[in-house]
Every structure is written in structure tokens, then in C-alpha cells.
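*Asks:* Sharing a structure with you now.
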């Protein structure tokens, strides 16, 4: 190697949309299963303890990958520190919003409203990343918002509380993904995935002394499985955002809904009501419409 060669070359976005879609689909398929395990464990453990242990297991899994990705110096050479700081704060708010929602709401309800993240993601992609958005995408966004209004109907106050918490988390999640796309131009995907877990560990640790419950061996294994699933999901999503635009990947968020329905029914016997399913159908359909239009335009080109 020449002594003048840059050991830390500039990382670039790559226009490989099929790779990006495949990685995003894989990452999102892993989350419903891990979320179902989390909701199960929250019957025995507090939100801070569950959040801490989930972050710890993800951190341990991801940190083991660093030596195979060029070492600590290569992975953690950060060139956009200010954006990292903003993103970490947003990621922290997103995580606690969803963890609180998991403790009081059903998977179907939570995922229905979390899918609004893709609508926000498309808008943030235009405003922040200067990506273009077509008339078709605007139509889909309006239909998606209509789906949210259908799903939030007069009913129990606890349902509205879950909806508001998840909508806040979805907004944070959209901005988080857009910032990940911004960081992916210069930062290593492992650094993007590891740093939020490190911050969660540091922030949550002081609260454990008042809410810690001893774990049995089986639950330790479940937390380990959560770390493996979500750590892999975080890394694949970070990689996906390097290969494809945020506006293209936004509709893929909805591929996990069938898994959510299956897990909610098989694990807790929960059957979603008509309004929730109708709202989810509008939200998911609006984004499948985006995907269809995008594919049609790509084939014409």
C-alpha cells in the first residue's frame, strides 16, 4: 500500500436499488419477532430494564463485528459528529416511545401507527436530503394520512394514548432514518448501528437500581435472541440506506404487517378490529401504490 493512500476512503452512496430493497426487507422482517419477544418480557420486567438489556445484547453482537470490518479506528472515524449527536437524541426518544407503547398496546395497533414513519420519511427525504417526490407519492401520502384518521376513531382513552405515543415515535423514526441516509455517505454502517445502543446503555443504567428484577436463565436467552435479531436488523437497514434512496425504501416498511398480525394472534390471541384493519389497509395500500409507480417508471427508463 502506498504511504500516500488514504486508509479511510470516503464512503459513497451506491445506486443499487434492488440490493437496498432486499436488505431493507430482511431488516424489517426481523423486527416483528424481536418486538413480540420484548412485549412478552415486559410482562415481567420494567421499561428501563428491558430497554437496557435489549441495547446491551445488540451492542455486544455488533461490537463483535468491528474487527472483521476494519477495526475500531476504521469503524469509529466519525466525520459528521454534529449529525451523529442530533441523531442519537432522536433515536433515544424513538426507542423509549416504542418501548412504552409495547408495555401498554398490542403489536397490531403499534405497527399500524408506526407505519406513518414512512410517510414522514418521504417528506423528510425531500426537505432534508433534497430528493424528488412525484405526484404519485403525494397522492399516496394523503391516502396514508387518511388511513391514520380512520384507525384513530372514538374509543378507549388508552388506545388514543398508545396512538399518540407511537405517532411521536414514528416521527422520530422517520427523521432517524433520514439522518442515517445522510451519515451513510461518510460513516461506517457499524458505527451508525452501534452508537445509539451505547447511548441507551449510558442513559438507562442510572435508573436500574430502582427497577431491577432478577432474570431467569430462559429470559437471559430471550434477551440474547433479541440482541441478535435487532442488531442484525439495524445493520442491514443501515446498509440498505447506502444503496437506495429513502423515498424508494419508505414503502418497504409495510412488508412486516402480515408477520405482526400472525404474531399478535398466535401469541396473545388478539384480533384487530375493523377500523384498525381498514386504516392499516389504506396506509399500506398507499405505499404499495408508490412502489408500483416507481417500478413502472424504472421499467420505462
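*Asks:* For the chain, with a Gaussian network of springs between Cα atoms less than 10 Å apart, report the residue from 286, 134, 46 with the top mean-square fluctuation.
*Replies:* Looking only at 286, 134, 46, the largest GNM fluctuation is found for 134.
*Asks:* Taking the number of other C-beta atoms within 10 Å as the exposure measure, put 259, 68, 212 in order starting with the fewest.
*Replies:* 68, 212, 259
*Asks:* Region 17-300: Rg/Rh from Cα coordinates, Kirkwood Rh?
*Replies:* With Rh from the inverse mean 1/r over Cα pairs, Rg/Rh is 0.96.
*Asks:* Where does the chain land at 222 nm, in deg cm²/dmol rounded to the nearest 500, when only DSSP H runs of n ≥ 4 count, each adding -39500 (n - 2.57), divided by all residues?
*Replies:* -24500 deg cm²/dmol
*Asks:* OK, next. Measuring from the lowest to the highest alpha carbon on each principal axis, how far does region 150-243 reach, largest first, in angstroms?
*Replies:* 46, 42, 25
*Asks:* Going by how many other beta carbons lie within 10 Å of each one, how would you line up 264, 273, fewest first?
*Replies:* So the ranking, lowest neighbour count to highest, is 273, 264.
*Asks:* Here is a further query. At a 10 Å Cβ-Cβ cut-off, how would you order 213, 186, 51, fewest neighbours first?
*Replies:* The order, fewest Cβ neighbours first, is 213, 186, 51.
*Asks:* How far is the Cα center of region 173-250 from the Cα center of region 34-56, in Å?
*Replies:* That distance is 14 Å.
*Asks:* Report the calculated FRET efficiency for residue 146 and residue 126 (r = Cβ-Cβ distance, R0 = 25 Å), to the nearest 0.05.
*Replies:* 0.80
*Asks:* In region 80-124, whose amide N lies under 15 Å from the spot 7 Å out along Cα-to-Cβ of residue 164? List them in ranges.
*Replies:* Correct set: 97, 101.
*Asks:* Give the relative contact order (percent, whole number) for the chain; include only Cα pairs under 8 Å separated by 6+ residues.
*Replies:* It comes to 41 percent, rounded to a whole number.
Bear in mind that the values in this text are calculations on the coordinates, not laboratory data. No experiment lies behind these values; they were computed from the predicted model shown. Note: ideal-geometry Cβ built from the backbone for every residue, glycine included; neighbour counts use all protein chains shown.
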